[in-house]
Amino acid sequence: MIETVRRPLRLLFVDGNTREQRQAHAGSYGGQSPAESYAAEIAAITPDLVFDICLPADEGANLPDGAGLQSYDGIVLTGSALHIYQLEPAVTRQIELMRAIYASGTPCFGSCWGIQMGSVAAGGTVIANPNGREVGFARRIARTEAGRNHALLAGRPACYDAPAIHLDTIALPPHGTTILASNAYSQVQAAEIRHNGGTFWGVQYHPEFPLRQVASILGRMVPILIAEGFRKDEQGAHAWLEDLRTLDADRGRGDLAWAHGLDREVLEDERRVTELRNFIEHRVKPHASTRGRA
C-alpha cells in the first residue's frame with residue numbers, strides 16, 4: 001500500500017502597498033499588514049498553509065524570479081493605496097513582477113489593486129473611475145453570462161454585494177480577458193485574464209475584508225467620505241463605522257443589517273470569502289497536485 005503524504009500548500013502574498021501604507025494599516029488593524037490579514041483569511045479556509053510575503057513597492061525589495069515563482073502553489077495580490085497609472089518605481093516594479101507571474105504559469109488571484117495589476121501587466125488600461133469612488137460595499141454585482149458557469153464565482157447568486165473600497169477601475173480590459181461580473185460602477189468586477197501562458201483570476205472588490213477591516217480602512221478616510229458626499233459630517237461618518245464594527249461583533253443585529261442593506265453574502269464569512277475558497281479549490285489545489293505537493 002502506498003501512503004500519500006499531504007504537504008501544506010505554499011502561497012506567496014504580494015503586498016501592493018508601500019512601507020508607509022503598510023504601517024498605517026497595521027496601526028489601525030491590530031498590528032497586521034494587508035498581506036498578513038489576507039493570509040489569515042485564507043488560512044481560515046485551508047489551515048494546511050505556509051506562506052511568504054513579497055513587498056515589491058519597496059525600493060531594494062528581494063523579488064522572486066521565474067524559478068522562485070514556480071516554487072509556489074499559488075500567488076495572491078493584495079489591494080493597494082497606490083494608483084497604477086502613476087508610473088513611479090513602486091508601481092512599475094509590481095507590473096514587471098506580475099508579468100513574471102504570468103510567464104511562470106503559477107495560479108494567481110488578486111483583489112482590487114490586484115485585478116488592476118493583472119490587467120495592466122497584460123496590456124489593459126486602468127483609470128480613475130468617472131463614476132466616482134465605490135465605498136464600503138459594491139452593490140448589485142451581476143454575474144455575466146460567462147460568469148454564470150465560471151468556477152471563480154461558483155456559489156454566488158446572480159446578483160450580490162461585497163466589501164469594496166476603490167477609486168480606480170479597469171477602462172480597457174486586455175486581450176484574453178473574460179469579464180465574469182459587473183455593476184453600475186465598474187464594468188469589470190470579476191474577471192479571468194489569460195496572458196503569456198498564465199491565468200489570473202481577480203475581483204475589483206474585497207472578499208478578504210470582514211466588516212471590521214472595512215471600518216478600519218474607512219476610519220482613515222473620514223475627511224474623504226465627507227468631502228465626496230458619502231457622509232454629512234464626522235459624527236455621521238463615525239456613527240456608520242461604529243455600526244459596522246457592532247455588526248461585525250454581533251451578526252445577529254438584524255436591525256443594523258437592514259439599516260445598511262447588508263445580507264448574508266457580506267455578513268456570513270463563509271459566503272463572503274467565496275472567491276478565495278474557489279481559487280484554492282479550483283486552481284491552487286489542482287496545481288499543487290500536479291506538482292506532487294499534495
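Structure above, values below:
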item: Count of region 63-90 residues which are closer than 25 Å to residue 224 by Cα, of a type outside the set (Gly, Ala, Ser) and touching a Ser or Thr at 6+ places or on another chain (Cβ under 9 Å); result: 4
item: Single residue of region 72-88 satisfying the filter (at pLDDT 95 or above and more than 21 Å from residue 25 (Cβ to Cβ)) that is nearest to the chain's Cα centre (by Cα); result: 74
item: Selection from region 12-50 of residues that are outside any helix (DSSP H, G or I), surrounded by fewer than 21 Cβ atoms within 10 Å (Cβ to Cβ), in contact (Cβ under 8 Å) with a residue 24 or more places away in the chain and not hydroxyl-bearing (Ser, Thr, Tyr); result: 48, 49, 50
item: Subset of region 64-94 [closer than 16 Å to residue 168 by Cα, crowded, with 16+ Cβ neighbours inside 10 Å and out of contact with any strand residue (DSSP E or B) (no Cβ under 9 Å at 6 or more places or on another chain)]; result: 80, 81, 82, 91
item: Only listed residue being in contact (Cβ under 8 Å) with a residue 60 or more places away in the chain and either in a loop (DSSP other than H, G, I, E, B) or not aromatic (Phe, Trp, Tyr) (or both), chosen from 57, 61, 90, 67; result: 90
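The values are calculated or read from the model by the stated rules, or taken from the named source; none is laboratory data. These numbers come from a predicted model, not from an experiment. Note that we place each Cβ from the backbone using ideal geometry, even for glycine, and neighbour counts take in every protein chain shown.
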